[in-house]
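Reviewing the structure listed below.
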Amino acid sequence: MVNMEISAMDCRTLRALLADRAQQCLVLDCRSFFSFSSSHIMGSSNVRFSTIVKRRAKGSMGLEHIIPNEEQRCRLIAGLYEAVVLLDDRTCELEPLRKDSTMMLAVSALCRDPRGSRIFFLKGGYEAFSAECPEFCNKCSPPVGLSLPLSASSVPDSADSNCTPCGTPLYDQGGPVEILPFLYLGSAYHASRKDMLDTLGITALINVSANCPNHFEGHYQYKSIPVEDSHKADISSWFNEAIDFIGKYLFIQWKVAHYRSE
């Protein structure tokens, strides 16, 4: 049961806050990354968790997951926000939401540790706000790096011209999976997309394959682990080296992006 110190905020009230005291208001958007990238409230931050993070957290998320932006997180901890406003697509009441939904996990974490801020959810969500207050919304095309082509012949300009898909089928090509705030799991195709890597803030990659190249060695740090992407391959001997390599942002490149936990 959520601590109901959270109240509903209507669109007009949020508009007034953003117009007069934007620096004292933190807006957290709990919609999907793709929805957020397409259109969002100016100055808002996207809250998103992978299934793996949710499972490991067991319903108790830390502020580092709720507020990935370090500056905003420090401002919250310092008590510099008068209000924290959460929103999703169209929620008008919290009760129907699942406890493991992004919105409810964020609500629970913030109510446990509000740091002096009042916690609100936006009544009607982004749909209502964008209809009533379009002047406070950014609308843009989804990041090209996360809009995958529909056919193998449709390769974006940002892809490495020397890249071969290493046999990766397009039906296995969703976006990279965020395992932790600094850790992504992707495929050889994703690793060939510089625009996608830059959009995600990637600075280093572990290439777990025997035959896929490091496409952008002048731009990112690489660690190669030359094993076949097969359940029969022994990767345990590489664990210590891989762990040592992990830095602020890391993208693990599998040939076909099959996650392995051994």
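Please name all residue pairs, on different chains or six or more residues apart, with Cβ atoms under 7 Å, provided the first residue is in region 220-245 and is under 20 Å from SER192 (Cα atoms) and the second residue is of a type in the set (Ser, Thr, Tyr).
Filtered contacts from region 220-245: TYR220/THR203; GLN221/THR203; ASP229/SER209.
So if I check each of GLY201, GLY167, GLY247, GLY175, which one is modelled with pLDDT of 55 or more and surrounded by fewer than 16 Cβ atoms within 10 Å (Cβ to Cβ)?
After applying the criteria, what remains is GLY201.
Are any residues in region 7-21 of a type in the set (D, E, K, R) and over 12 Å from LEU86 (Cα atoms), and if so, which ones?
ARG12, ARG15, ASP20, ARG21
A quick yes/no check of all residues on (1) outside the structural domain of PRO134 (by TED's automatic domain parsing); (2) farther than 16 Å from PHE136 by Cα; (3) among the hydrophobic types (A, V, I, L, M, F, W, C):
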| position | (1), (2), (3) |
| --- | --- |
| LEU17 | no, no, yes |
| ARG31 | no, yes, no |
| SER39 | no, no, no |
| MET42 | no, no, yes |
| ILE67 | no, yes, yes |
| ARG118 | no, yes, no |
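Pull up region 214-242, narrow it to residues that are assigned to a loop (DSSP other than H, G, I, E, B) and touching a strand residue (DSSP E or B) at 6+ places or on another chain (Cβ under 8 Å), then point me to the one that is modelled with the lowest pLDDT.
If we take residues in region 214-242 being assigned to a loop (DSSP other than H, G, I, E, B) and touching a strand residue (DSSP E or B) at 6+ places or on another chain (Cβ under 8 Å), then ASP229 is modelled with the lowest pLDDT.
Considering only residues that are out of contact with any helix residue (DSSP H, G or I) (no Cβ under 8 Å at 6 or more places or on another chain) and basic (Lys, Arg), which ones fall in region 195-245?
Hit for region 195-245 is LYS232, nothing else.
Which of the strands (runs of 3 or more DSSP E) found entirely inside region 26-143 contain at least 1 residues meeting this: among the β-branched types (Val, Ile, Thr)?
The qualifying strands (runs of 3 or more DSSP E) are 39-41, 83-87, 118-122.
Check region 94-105 and report whether any residue there is among the polar types (S, T, N, Q), in the same structural domain as SER130 (by TED's automatic domain parsing) and within 24 Å of ARG12 (Cβ to Cβ).
Within region 94-105, not a single residue is among the polar types (S, T, N, Q), in the same structural domain as SER130 (by TED's automatic domain parsing) and within 24 Å of ARG12 (Cβ to Cβ).
So which residues in region 90-109 are in contact with a Cys (Cβ under 8 Å, 6 or more places away or on another chain) and closer than 13 Å to LEU122 by Cα?
Passing the criteria: only MET103.
Of all residues in region 204-237, which are charged (D, E, K, R) and surrounded by 13 or more Cβ atoms within 10 Å (Cβ to Cβ)? Step through it out loud before you land on a result.
Narrowing region 204-237 to residues charged (D, E, K, R): 217, 223, 228-229, 232, 234.
Across region 204-237, the qualifying residues are LYS223, GLU228, ASP229.
The values are calculated or read from the model by the stated rules, or taken from the named source; none is laboratory data. Everything quoted here is computed from the prediction, not taken from an experiment. For neighbour counting, all protein chains shown are included, and Cβ atoms are generated from backbone atoms with ideal geometry for every residue, glycine included.
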